[in-house]
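The values are calculated or read from the model by the stated rules, or taken from the named source; none is laboratory data. All of these numbers come straight from a predicted model, not from anything done at the bench. Reconstructed Cβ throughout: ideal geometry from the backbone, glycine too, with neighbour counts over all protein chains shown. These accessible areas exclude ligands, DNA and RNA; they are computed on the full protein's heavy atoms, side chains included. Shrake-Rupley method; radii C 1.70, N 1.55, O 1.52, S 1.80 Å.
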Protein chains: 2
Amino acid sequence: MPETPVSPAAQAAHSPAGAGLLYLREEELRAAQDLLFFAYRDFTGAADSMLEELGFGRAHHRALHFVGRHPGLAVSDLLGILRITKQSLARVLGLLIAKGLVEQRPGRDDRRQRLLYLTASGRALERQVFERQRERLARAYRDAGPQAVEGFRRVLRGIANEQGRAWLDRAERPGRP
Amino acid sequence: MPETPVSPAAQAAHSPAGAGLLYLREEELRAAQDLLFFAYRDFTGAADSMLEELGFGRAHHRALHFVGRHPGLAVSDLLGILRITKQSLARVLGLLIAKGLVEQRPGRDDRRQRLLYLTASGRALERQVFERQRERLARAYRDAGPQAVEGFRRVLRGIANEQGRAWLDRAERPGRP
DNA sequence: ACGTTCACGTCAACAATCCTGACCCAAAAT
DNA sequence: ATTTTGGGTCAGGATTGTTGACGTGAACGT
């Protein structure tokens with residue numbers, strides 16, 4: 001007998017009287033604001049001192065990170081991910097390129113493009129910065145367990161918009177989203 | 001027969017050959033970087049246009065939010081939450097106070113303190129901004145379901161540091177953390 | 001071939017938000 | 001009485017983001 005597909009919310013609605021929807025209460029949603037703030041604050045903060053020593057800031061890290069995640073990323077795509085103007089990115093990217101961490105190559109299909117790649121030293125640096133964040137993340141994952149991690153991923157994915165999800169998917173399956 | 005307490009990570013380790021630790025692989029951790037970025041980007045972005053119309057920015061929103069979450073918050077505590085200097089906060093808070101959204105009252109136990117409260121209009125505004133973020137969050141929660149939400153909370157809580165967790169706990173049980 | 005559009009780059013000035021250092025007043029602690 | 005602490009102010013500087021304008025050359029459409 002095939003089971004009828006039921007959404008997670010619908011499943012919860014079937015649990016003991018009304019209790020199933022507690023997680024949608026205002027207080028729960030407000031707590032999420034706090035959770036996101038503190039987690040993001042501390043996650044990004046973990047890399048700050050290292051970035052600072054190198055004369056970089058978070059903006060540089062973000063650029064470095066996404067170029068590393070998507071080798072051959074087009075400038076316009078990076079703009080779309082970071083949600084900043086090209087002038088703003090130019091300053092940040094210019095420094096990364098000047099420092100030999102990022103390189104640009106003309107696109108094969110469109111020679112106007114300046115596809116972005118991390119250099120070997122760029123990858124090395126990105127890895128170093130990643131290590132600063134990794135331990136915090138791994139510990140949180142281990143403490144929470146795989147089921148919780150799956151839930152974490154599902155919810156965050158749902159908070160991100162369509163474009164964000166497309167890039168998340170692409171990171172798993174290389175190719176333009 | 002009482003069950004022996006087993007940590008979530010240990011439970012996972014007992015699952016089919018090695019698969020239990022997949023969620024701690026580097027690629028999984030890297031994906032978390034992306035997830036956090038996109039979710040936070042879009043979550044905070046949801047309120048930006050409203051804030052801008054009012055002549056405020058994210059810094060103002062953060063201050064407004066936490067004063068609302070913790071009525072009677074001391075200035076030094078807000079500094080500790082936001083991780084900014086008092087000079088920086090002074091500008092932001094000064095505007096909120098000037099606009100009649102926040103008020104200060106001397107502490108009862110320590111008259112040097114300037115305890116912070118949202119005014120009625122401050123609360124009204126904070127609620128309006130919250131509504132901008134709420135729907136996105138609620139939809140993500142509904143889609144993911146209560147189990148996933150619990151997981152989300154557990155992991156984010158684990159990413160935040162001790163101080164963050166203390167404030168998270170206090171938001172649930174009013175009182176200084 | 002030519003006109004238009006597009007990817008990216010540059011220059012410039014300004015804004016939001018954060019920092020450091022210094023100094024001050026008054027309350028609290030020693 | 002002296003020292004420490006909570007909060008405030010002044011000032012100058014840094015990071016990162018914005019807007020507008022202009023330019024080059026590749027790609028596209030006619």
(request) Report, by residue number, each residue of segment A:52-63 that is under 20 Å from A:Ile84 (Cα atoms) and within 13 Å of DNA strand C (Cβ to nearest atom). (result) A:Gly57, A:Arg58, A:Ala59, A:Ala63
(request) Considering only residues that are within 20 Å of B:Gln33 (Cα to Cα) and within 7 Å of DNA strand D (Cβ to nearest atom), look in segment A:72-88 and name the one that is nearest to the chain's Cα centre (by Cα). (result) A:Leu82
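Of everything in segment B:122-150 that's among the polar types (S, T, N, Q) and either more than 20 Å from B:His70 (Cβ to Cβ) or open to solvent by less than 60 Å² (accessible area, probe 1.4 Å) (or both), which residue is nearest to DNA strand D (Cβ to nearest atom)? Walk me through how you get there before you give the answer.
First pass over segment B:122-150, keeping only residues among the polar types (S, T, N, Q): B:128, B:133, B:147.
When the remaining residues are screened for being either more than 20 Å from B:His70 (Cβ to Cβ) or open to solvent by less than 60 Å² (accessible area, probe 1.4 Å) (or both), the result is B:133, B:147.
Details: B:Gln133: 19, B:Gln147: 35 Å.
Once the filter is applied, the top-ranked residue is B:Gln133.
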(message) Within segment B:95-117, does at least one residue satisfy the condition of being within 16 Å of DNA strand C (Cβ to nearest atom), within 20 Å of A:Asp34 (Cβ to Cβ), at pLDDT below 95 and open to solvent by 60 Å² or more (accessible area, probe 1.4 Å)?
(response) no
(message) Can you tell me which condition B:Ile84 does not meet? The list is (1) within 14 Å of chain A (Cβ to nearest Cβ); (2) open to solvent by 70 Å² or more (accessible area, probe 1.4 Å); (3) near DNA strand C (Cβ under 7 Å from one of its atoms), and all the others hold.
(response) (2)
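One line per residue, one yes/no per condition, for (1) within 29 Å of B:Ala138 (Cβ to Cβ); (2) of a type outside the set (A, V, I, L, M, F, W, C):
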{"residue": "A:His70", "(1), (2)": "no, yes"}
{"residue": "A:Leu79", "(1), (2)": "no, no"}
{"residue": "A:Gln128", "(1), (2)": "no, yes"}
{"residue": "A:Glu131", "(1), (2)": "no, yes"}
{"residue": "A:Asp143", "(1), (2)": "yes, yes"}
{"residue": "A:Gly164", "(1), (2)": "yes, yes"}
{"residue": "A:Leu168", "(1), (2)": "yes, no"}
(request) Kindly list, by first and then second residue, each pair from a residue in segment B:89-106 that is farther than 12 Å from B:Leu64 by Cα to a residue that is part of a helix (DSSP H, G or I), limited to pairs with Cβ atoms under 8 Å and residues at least 6 apart or on different chains. (result) B:Gln104/B:Ile97
(message) Can you tell me which condition B:Phe66 does not meet? The list is (1) within 15 Å of DNA strand C (Cβ to nearest atom); (2) buried (at least 16 other Cβ atoms within 10 Å of the Cβ); (3) within 8 Å of chain A (Cβ to nearest Cβ); (4) not aliphatic (A, V, I, L, M), and all the others hold.
(response) (3)
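From the list A:Arg170, A:Arg139, A:Arg111, which residue is more than 7 Å from chain B (Cβ to nearest Cβ), over 18 Å from the mean Cα position of the chain (by Cα) and of a type in the set (Lys, Arg)? Don't jump to the end; show me each part of the working.
Values: A:Arg170 fails: over 18 Å from the mean Cα position of the chain (by Cα); A:Arg139 fails: more than 7 Å from chain B (Cβ to nearest Cβ).
Unique residue meeting the criteria: A:Arg111.
Does segment B:20-29 hold any residues that are within 24 Å of the chain's Cα centre (by Cα) and at the interface with another protein chain (Cβ under 7 Å from one of its Cβ atoms), and which are they?
As a first pass, look at segment B:20-29 and keep what is within 24 Å of the chain's Cα centre (by Cα): B:28-29.
The one that is within 24 Å of the chain's Cα centre (by Cα) and at the interface with another protein chain (Cβ under 7 Å from one of its Cβ atoms): B:Leu29.
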